[in-house]
Amino acid sequence: MDPISHATLRVATPDHGASPLPATRQPLPSRLPGIGTTIFSVMSALAAETGAVNLGQGFPDFDCDPCLVDAVSAAMRAGLNQYAPMTGVPALRQAIAAKLQLLHGRAYDVEREITVTAGATQAILTALLALVQPGDEVIVLDPCYDSYGPGIALAGGTAVRVPLTPGSFRPDFDRLAAALTPRTRALIVNTPHNPSGTVWREADMLRLQELLAPTGVWLISDEVYEHMVFDGVPHASAARLSGLAERALIVSSFGKTYHVTGWKVGYVAAPAALSAEFRKVHQFNVFSVNTPVQHGLAQYLADPRPWLELPAFYQRKRELFRTGLGATRLRLLPCEGSYFQCVDYRDLALPERDLSELAFCEWLAREIGVAAIPLSAFYGDGFEQGVVRLCFAKRDETLRAALARLARL
Ligand SMILES: Cc1ncc(COP(=O)(O)O)c(C=O)c1O
């Protein structure tokens, strides 16, 4: 222990004479004041309490391919149960690099530019802790995944929230340009988008590239739904454009692609210098990720069919769900990707006028028997637009059961 730590210890020794309460009984100053239980836990608890079909939280209610479980089990039985290398099992990093090369034509160095993470949430927090200095600004596009804001706060930065265009949820580049300041350290972009289901086109990425070109802004590109893009539209990864790839940490998650959200394994692909800083934080954050799961994923990734077939798999579910919802008075918003369908409920004859999105979700769970998530939960300022999010990563029976209930609307 260094001398400073000793000094700190002496100062921190409780002094009952000087203080009316021992330190452990005084209120704990919060690193995240104002943050409570997430809406996802709240709505899942409500679904359990009311017996509602849970289309709230975003996870499949069906199992993954048994071949994947076999591959992980085989790795465990083969004794691959100790710490993995800090950056990830080489075979998995190799498979990730090969896929990025195949899909986006970019060669990431397996040794220096690919890092396996404990899911995308850890990857994003680690990226923020690595990049952001106290006082820095990080731009997020509202509505956005709920970990971004707290991650920025934990890194000592300030979240600058730029709304996506209300109604279409497309990026508003004029507002984005206006939000850039000399203090902007990073921007977080997410396509396909949770919660709106919109997908950025190549033209959007080119605009983004142009906008960021004169800046030193880093890009955290959250691409966890990369394989859930419908109607033949390609996924516009930041890896496809040199001007973005050179400043980007591309984040993905095997949880989404392989129906194993509980495994929490993902990765970050980024240029060597960026990866080096990322890894400095990663090694003291998780150090390394579940070994047998990495070996199983490495083997499974060698077969491209599962991810090649994923768009069609989810597009069929989207059709089933949208067709059923079409018989209700809910207004369907476009769903170009992800496994989320947003609906506008303002045309319904509701028991009360101007029901907030949260109040509507509570009513929907209790009275109709379906759990959803209010879109306001994805906005820093709780913006209300009469829209809620439903997840269709569910068995067909689950979707049909939900649709039978929603048919009352
Ligand atoms: C946009 C987005 N990013 C990141 C994540 C987190 O992924 P993981 O479960 O791998 O941490 C999610 C999960 O819902 C998400 O929707």
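The values are calculated or read from the model by the stated rules, or taken from the named source; none is laboratory data. All values reported here derive from a predicted model rather than from experimental measurement. Every residue, glycine among them, receives a Cβ derived from its backbone with ideal geometry; neighbour counts consider all protein chains shown. Note: accessible area is taken over every heavy atom of the protein model, side chains too, but ligands, DNA and RNA are not part of it. Shrake-Rupley method; radii C 1.70, N 1.55, O 1.52, S 1.80 Å.
Numbers below:
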| quantity | calculated |
| --- | --- |
| Amide H contacts of Ala371 (H built 1.01 Å from N, under 5 Å, at least 5 apart or other chain) | Val53, Asn54, Leu55, Gly56 |
| Label-point gap, in nm, between Asp303 and Ala48 - each point 7 angstrom along Cα→Cβ | 3.4 |
| For the chain, built as a Gaussian network whose Cα springs stay under 10 Å, the top-fluctuating residue of Glu137, Glu367, Glu384 | Glu367 |
| Stretch gain in nm, segment Trp363-Leu320, where the contour uses 0.36 nm per residue and the Cα spacing is subtracted | 13.1 nm |
| Centroid-to-centroid separation of segment 205-282 and segment 56-116 [C-alpha atoms, Å] | 16 |
| The chain: most fluctuating residue of Thr37, Thr50, Thr117 per GNM, C-alpha cutoff 10 Å | Thr37 |
| Amide H partners (placed H, <5 Å) of Val160, local residues excluded | Val138, Ile139, Val140 |
| The chain, accessible surface, carbon-and-sulfur percent (1.4 angstrom probe) | 56 |
| Heavy-atom accessible area per residue - segment 318-409, 1.4 Å, Å² | 42 |
| Per residue solvent-accessible surface (Å²) - segment 177-314, probe of 1.4 Å | 36 |
| Value of relative contact order over the chain, rounded to a whole percent, pairs C-alpha under 8 Å and six or more apart | 24 |
| Mean separation of Cα contacts under 8 Å, 6 or more apart, over the residue count of segment 104-232: relative contact order % | 23 |
| Range in the chain, longest, excluding exposed chymotrypsin sites (Phe, Trp or Tyr not before Pro) [loop by DSSP; at most 13 other beta-carbon atoms within 10 Å] | 84-286 |
| Simple label model, 7 Å out from Cα along Cβ direction - Met76 to Ala98, nm | 2.6 |
| Spin-label model distance (nm) - Asn285 vs Asp65, 7 Å beyond Cα toward Cβ | 2.9 |
| Bridge type composition, the chain - antiparallel percent by DSSP, nearest 5 | 45 |
| Of all DSSP beta bridges in segment 163-321, antiparallel share, percent nearest 5 | 30 |
| Hz values of 3J(HN,Hα) by residue in segment 354-360 - Karplus curve (6.51, -1.76, 1.60), Gly and Pro given as x | 6, 5, 5, 4, 5, 5, 5 |
| Debye, to nearest 20: dipole size of the chain, +1 on Lys, Arg Cβ, -1 on Asp, Glu Cβ | 280 |
| Furthest towards positive pole of dipole, Leu68, Tyr145, Ala238, structure part the chain, Cβ charges | Leu68 |
| Surface accessible to a 1.4 Å probe, per residue, for the residues of segment 101-161, Å² | 34 |
| Neighbour cut-off at most 13 other Cβ (10 Å), DSSP loop, trypsin sites (Lys or Arg not before Pro), segment 335-391 | Arg353 |
| GNM flexibility winner over the chain from Arg25, Arg247, Arg106 (Cα, springs under 10 Å) | Arg25 |
